[in-house]
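Below is one structure, written out as structure tokens; comments come after it.
The values are calculated or read from the model by the stated rules, or taken from the named source; none is laboratory data. Because the structure is predicted, anything quoted here is derived from the model rather than measured. As a convention, Cβ positions derive from the backbone with ideal geometry for all residues, glycine included, and neighbour counts pool all protein chains shown.
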């Protein structure tokens, strides 16, 4: 039997096996090299790298991941993804599952827990791959805590800027209104003993932080005295803020004083800061304080006591430093007895009361007022008045002026319209019912009749350049509120 062919075949196959074994060794060496390279990359990555199985268990982690979470390699690979996530972010598991199923990868921001129990913010991106012939997920974890803190600081800064912008815009609008509506005289007019006593009180209280209550009839210049107190106070660097409690509907008063958040009530489309925030560090003048709704008196009392309040629709407490000057033409002590005004609020407001004298108690000041008004209206109307008849001036001084300085100003304005150049011709208001020298008539009746007279002159036009509100020196909304209160209606 010839065995040579068999022997040669065995040698050939042996050589092929040796070649195959060599190729396997080379491939194994190449794989080990690749694995070593990948391991170096895996271990030296600056981001944390985690490999999860389909159940979320950690099967591998690089050194950076161990440092991020504060675990050893053995401890970390004994945990699951759920063990690392903050409970508030467990809802992301479902997000990861859906995104991986749909796209083979996921990406999100989360909050994870360290071994010591502290938390930090991460950005995690994962992709599905085969590892040991099974589906696994490779997750890249990046610590973004500093970025989050920076973003939060930026948000807080932007919020502060936005609040400051709102405040500046509100102050700007408020100042424009005040420039248009502020009293026409820069200085208080008068040399009588009554006004000197009042001004002495103003100077004494101005430098303090005490709450002031100005008590006087309508038209006596209470707001002018409030401005004098503010101008002489340490707060004069900021504008005084004024609120007329009788001119704003009760339903809007809380929002006007304390502000509101977006959506706090119907038509509250944006956040608005109130007058207390605008007046922070300055003075807030509350005119006609007796008209403040009872439900807001307690909130005002809290601001006076503690310097804090909440915006309408918000639970966040706001701290303010505001000096209050209040004014009234009513008897607040009587209102307390009648149950219309809180007694504790009255005592808080009545720290330093100043009684503003009516014009009939300072008759010697009337000529000064008349000539000041003549000069003022003369510039506007282009008229030059040189003389005022002595009997006319005596009549002006004898008249009781139930509307005080405001009424005197309106009478002089009417006289300037009717007079030509040279001499002022004055017609005193006709008095119905009681004699003009009697002080037993109701002030409301006089005010009602005076408003009606002005409305008739203007053709019942309230607003506009030559409207009744401008002539009376009031805001249109204030005049409309007074008309409603006094029962004044335009005739059909």
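Quick one: which helices (runs of 4 or more DSSP H) lie wholly within the stretch 238-357 and hold at least 3 residues that are surrounded by fewer than 18 Cβ atoms within 10 Å (Cβ to Cβ), touching a helix residue (DSSP H, G or I) at 6+ places or on another chain (Cβ under 6 Å) and not assigned by TED's automatic domain parsing to the domain that holds residue 204?
Once the helices (runs of 4 or more DSSP H) in the stretch 238-357 are filtered for at least 3 residues that are surrounded by fewer than 18 Cβ atoms within 10 Å (Cβ to Cβ), touching a helix residue (DSSP H, G or I) at 6+ places or on another chain (Cβ under 6 Å) and not assigned by TED's automatic domain parsing to the domain that holds residue 204, nothing remains.
State which residue pairs qualify: first residue closer than 11 Å to residue 56 by Cα and inside the stretch 72-98, second residue assigned to a loop (DSSP other than H, G, I, E, B) in any location, beta carbons under 8 Å apart, and separation of 6 or more residues or different chains.
From the stretch 72-98, the pairs are 79/71; 80/55; 80/56; 81/56; 82/56; 82/90; 93/56.
Please work out which residue is surrounded by the fewest Cβ atoms within 10 Å (Cβ to Cβ), limiting yourself to the stretch 364-390 and to residues that are more than 45 Å from the chain's Cα centre (by Cα) and part of a helix (DSSP H, G or I).
Narrowing the stretch 364-390 to residues more than 45 Å from the chain's Cα centre (by Cα): 364, 367, 383-390.
From what is left, the residues that are part of a helix (DSSP H, G or I) are 364, 367, 390.
Numbers: 364: 13, 367: 13, 390: 8.
That would be 390.
Which condition breaks for residue 404 when tested against (1) buried (at least 20 other Cβ atoms within 10 Å of the Cβ); (2) farther than 30 Å from residue 297 by Cα?
Among (1) buried (at least 20 other Cβ atoms within 10 Å of the Cβ); (2) farther than 30 Å from residue 297 by Cα, the lone unmet condition for residue 404 is (2).
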